[in-house]
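First the structure, in the form of structure tokens, and then the observations on it.
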């Protein structure tokens with residue numbers, strides 16, 4: 001049986017389905033004009049969807065009344081929105097765009113196009129992210145911040161040290177000791193034969209020398225056995241990743257010889273960074 005009505009006015013609540021619906025306050029405290037519909041619900045053209053794809057499916061307006069102007073959007077939300085995933089699918093929001101832009105915020109302030117290129121007006125010098133990253137890869141790895149002591153109107157810029165190796169360092173001070181104890185994780189992190197040490201005596205010449213070293217300790221000796229007081233810097237090359245290919249043929253960073261390299265693939269914790277066929281030459285050997 002079907003029921004056809006020209007117009008329906010509901011002053012209270014509309015329920016399609018069964019069960020109690022807390023958000024609409026059923027009973028004496030009901031919210032007039034509220035609705036429960038268990039779904040699936042289709043809005044728009046009746047043939048836009050061939051099967052049940054979601055609780056709410058919204059398609060193009062298909063009303064052919066002469067005074068119904070075709071809308072340019074299927075969904076228009078005025079007001080803040082919340083999207084909370086429940087882990088059912090691989091993504092809380094999936095966009096399959098056939099447009100130039102998959103996402104456009106404030107008419108170009110920020111966007112992501114259908115190929116995955118992205119743009120943010122602030123902080124990118126008005127360049128796309130791929131262009132910005134490409135330039136950054138060729139420049140010093142810098143950071144820029146408000147000046148910590150001069151106050152407003154001044155800034156501080158620093159850059160990372162760069163070199164032909166994937167290196168780590170450890171620094172500190174030795175007082176009345178004859179050994180520098182390296183971090184326990186260095187044993188599994190660095191090549192023992194890449195370690196180098198710099199010492200700077202404090203207060204007086206002590207003729208401090210390095211007797212020997214391994215991947216756990218640096219053993220020191222001073223003239224006449226006098227107490228040692230010095231600063232130290234210890235450097236080493238990591239062994240948990242392949243040595244760098246410092247020079248290689250190619251036009252972009254994506255031509256790097258190792259396909260497991262971060263520049264070439266999205267981050268994957270399972271990727272093999274020690275594959276011997278892509279190993280570069282050792283860059284620092286001190287034994």
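The values are calculated or read from the model by the stated rules, or taken from the named source; none is laboratory data. What you see is a predicted model, and the numbers here were worked out from it, not measured in a lab. Here Cβ is always computed from backbone atoms with ideal geometry, including for glycine, and neighbour counts include all displayed protein chains.
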- request: For residue 229, work out the one condition from (1) within 30 Å of residue 131 (Cα to Cα); (2) surrounded by 15 or more Cβ atoms within 10 Å (Cβ to Cβ) it doesn't fulfil.
  value: (1)
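Report those strands (runs of 3 or more DSSP E) wholly inside region 163-213 carrying at least 3 residues which are within 19 Å of residue 287 (Cβ to Cβ).
167-175, 196-201, 209-213
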task: Take residue 138 and decide whether it is touching a helix residue (DSSP H, G or I) at 6+ places or on another chain (Cβ under 9 Å), surrounded by fewer than 11 Cβ atoms within 10 Å (Cβ to Cβ) and closer than 29 Å to residue 105 by Cα.
output: no
- line: Among 97, 34, 131, the single one that is surrounded by 10 or more Cβ atoms within 10 Å (Cβ to Cβ), free of Cβ contacts under 8 Å to residues at least 60 places away in the same chain and touching a helix residue (DSSP H, G or I) at 6+ places or on another chain (Cβ under 6 Å) is 34
- prompt: If a residue has to be farther than 27 Å from residue 237 by Cβ and at pLDDT below 80 to count, how many in region 135-164 make the cut?
  reply: 1
- request: Quickly run through region 25-43 and pick out the residues that are under 40 Å from the mean Cα position of the chain (by Cα) and modelled with pLDDT of 90 or more.
  value: 36, 37, 38, 40, 41, 42, 43
query: So which residues in region 233-287 are part of a helix (DSSP H, G or I) and at pLDDT 90 or above?
result: 276, 277, 278
- request: Being touching a strand residue (DSSP E or B) at 6+ places or on another chain (Cβ under 9 Å) and assigned to a loop (DSSP other than H, G, I, E, B) is the filter; apply it to region 125-148 and report the residue that is nearest to residue 256 (Cα to Cα).
  value: 139
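Condition check: over 30 Å from residue 276 (Cβ atoms) and under 35 Å from the mean Cα position of the chain (by Cα). Does residue 191 satisfy that?
For residue 191, the condition - over 30 Å from residue 276 (Cβ atoms) and under 35 Å from the mean Cα position of the chain (by Cα) - is not met.
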field: Hits in region 4-24 (condition: within 48 Å of the chain's Cα centre (by Cα) and over 20 Å from residue 56 (Cβ atoms))
entry: 20
